[in-house]
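Single-structure report; data block below.
The values are calculated or read from the model by the stated rules, or taken from the named source; none is laboratory data. All of these numbers come straight from a predicted model, not from anything done at the bench. Glycine also receives a Cβ, built like all others from the backbone with ideal geometry; neighbour counts cover every protein chain displayed. The accessibility values were calculated without ligands, DNA or RNA, using every heavy atom of the protein model including side chains. Shrake-Rupley method; radii C 1.70, N 1.55, O 1.52, S 1.80 Å.
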Amino acid sequence: MQAIDLLVLPRWLVPVASAGAVLEDHALAVDGGRIVDVLPAAFARQAFRPRETLTLPDHALLPGLVNIHTHSAMSLLRGLADDLQLMEWLQGHIWPAEAANVSYAFCADGVRLAAAEMIRGGTTCFNDMYFFPDATAAVAGETGLRASVGLIVLDFPTAWAQNWEEYIHRGLALHDQLRGQPLVRTVFAPHAPYTVSDAPLKRVRELATELGIGVHMHLHETAAEIEGSLQACGKRPWQRLRELDLLGQDFIAVHMTQLSEEEIAEAARLGVSVAHCPESNLKLASGFCPVARLLAAGVNVALGTDGAASNNDLDMLGELRSAALLAKGVAGDASALPAAAALHMATLAGARALGLEEEIGSLEPGKSADFIAMDLNRPATQPLYHVLSQLVYAAGRDQVTDVYVAGRALLRDGKLLTLNEAETLARAAEWRNKITSLKQ
Ligand SMILES: [Zn+2]
């Protein structure tokens, strides 16, 4: 018998690797933070001598969810301003609140609040874009989450940097500082075509290629963005970025609600990944990402919540359901984005967008042990005809009981193990008081 760290015995195991598969009475064997085997439970009991056994008789085990686009520190601005158009929301509310409040401490407290919410909701990996990415990296490290931390780039000054050269300089310093960190990586995060000019984008392309870092950027979020770009330079943002050589396999295009057939074909040819954020697009009335057409063209479409200021939660299970429902509505086809395809978007497609498809996104031997358990023996998910149907169309994040990243438990039986929830909530309340008093 082989000694291993952990044997997980769920009622159902959803590997995601083969679309639609649900294994019954299978075990997940974990050692040294990695999945060593997925096999029938009866064989596993004979083959392995685990130091710890996790028995989950009413649960489905699935890969940790990958949130491909968020601004985690913005959880402190959740509900500050709602029901406004994107530019009115940004210029009238979010940017002034940020100018008055954003600091290392604000970001660290915001990311801690986001981390508590993400872990409780089954998210094990997030791709972030915000100021003070050093704070995001520190909190990700402290809470055990896997993170891709955005090295934000803008033309205008903020508390993080004064000009684009300084944004890039500070980003590179953080990239160096994080070298050798197994769970926290960096990604370039030029904010959007309308906030970053050509010179910094050219520099981002050079450095991304040189250092092997990805690029994560808002793109074609609204029709007004396209209009503005046509007026400013006579090109759609997609064309402008393509001519700057920015679009490629290492590029994550966030939102993409306005797309021509040629742009969709080009996205597939260039290997660009799309970060689909349906709830943010709905809330800001930004438009509809043509998910079914992108998938049919062969584009990798992953799923993100966007920040909690425009969603207003970081609930990937909720996002998964919204994505599945919206895709059907937009395509006028109830068979568009079936449950298994939606789950793939929230797991393996996110891993692929981050260049981590060999590491996470599915439950397969050799991959990192990033997995979550959901209790399906609850009123919302009974009776149970199809596991995937319940997970995508009925289950809520309150049914997530256990969350592991690289074999380490972050949530056990509903209890957060790596952060102090009471203190995190108290800090969030303090920020709310400060932000409210400044507003008056
Ligand atoms: Zn965003």
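The table that follows gives values for the structure above.
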{"read-out": "Top-ranked residue in the range 22-66 [being open to solvent by 50 Å² or more (accessible area, probe 1.4 Å) and of a type in the set (Gly, Ala, Ser); ranked as farthest from residue 365 (Cα to Cα)]", "value": "42"}
{"read-out": "Hits in the range 289-317 (condition: more than 15 Å from the ligand (Cβ to nearest atom) and within 19 Å of residue 82 (Cα to Cα))", "value": "315"}
{"read-out": "Within the range 116-214, helices (runs of 4 or more DSSP H) holding 2 or more residues that are over 23 Å from the mean Cα position of the chain (by Cα)", "value": "164-177, 198-211"}
{"read-out": "Given (1) closer than 18 Å to residue 353 by Cβ; (2) open to solvent by 50 Å² or more (accessible area, probe 1.4 Å), number of the condition residue 247 does not satisfy", "value": "(2)"}
{"read-out": "Residue 343 within 29 Å of residue 296 (Cα to Cα) and open to solvent by less than 70 Å² (accessible area, probe 1.4 Å)", "value": "yes"}
{"read-out": "One residue from 208, 224, 189 being under 21 Å from residue 71 (Cβ atoms), touching a residue at least 40 places away in the same chain (Cβ under 8 Å) and in contact with a His (Cβ under 7 Å, 6 or more places away or on another chain)", "value": "189"}
{"read-out": "Unique match (being out of contact with any Pro (no Cβ under 9 Å at 6 or more places or on another chain), in the same structural domain as residue 145 (by TED's automatic domain parsing) and open to solvent by less than 20 Å² (accessible area, probe 1.4 Å)) among 338, 290", "value": "290"}
{"read-out": "Selection within the range 68-113 - open to solvent by less than 10 Å² (accessible area, probe 1.4 Å), closer than 20 Å to residue 154 by Cα and within 14 Å of the ligand (Cβ to nearest atom)", "value": "69, 70, 72, 73, 94"}
{"read-out": "Selection from the range 378-404 of residues that are touching an Asp or Glu at 6+ places or on another chain (Cβ under 6 Å) and either closer than 17 Å to residue 54 by Cα or without any contact (Cβ under 8 Å) to a residue 40 or more places away in the chain (or both)", "value": "399, 401"}
{"read-out": "Flag if residue 375 is in the same structural domain as residue 8 (by TED's automatic domain parsing), touching a residue at least 40 places away in the same chain (Cβ under 8 Å) and on the phi < 0 side of the Ramachandran plot", "value": "yes"}
{"read-out": "Residues of the range 117-131 classified as open to solvent by 10 Å² or more (accessible area, probe 1.4 Å) and over 30 Å from residue 223 (Cα atoms), total", "value": "2"}
{"read-out": "Selection within the range 232-286 - within 16 Å of the ligand (Cβ to nearest atom) and of a type in the set (Asp, Glu)", "value": "279"}
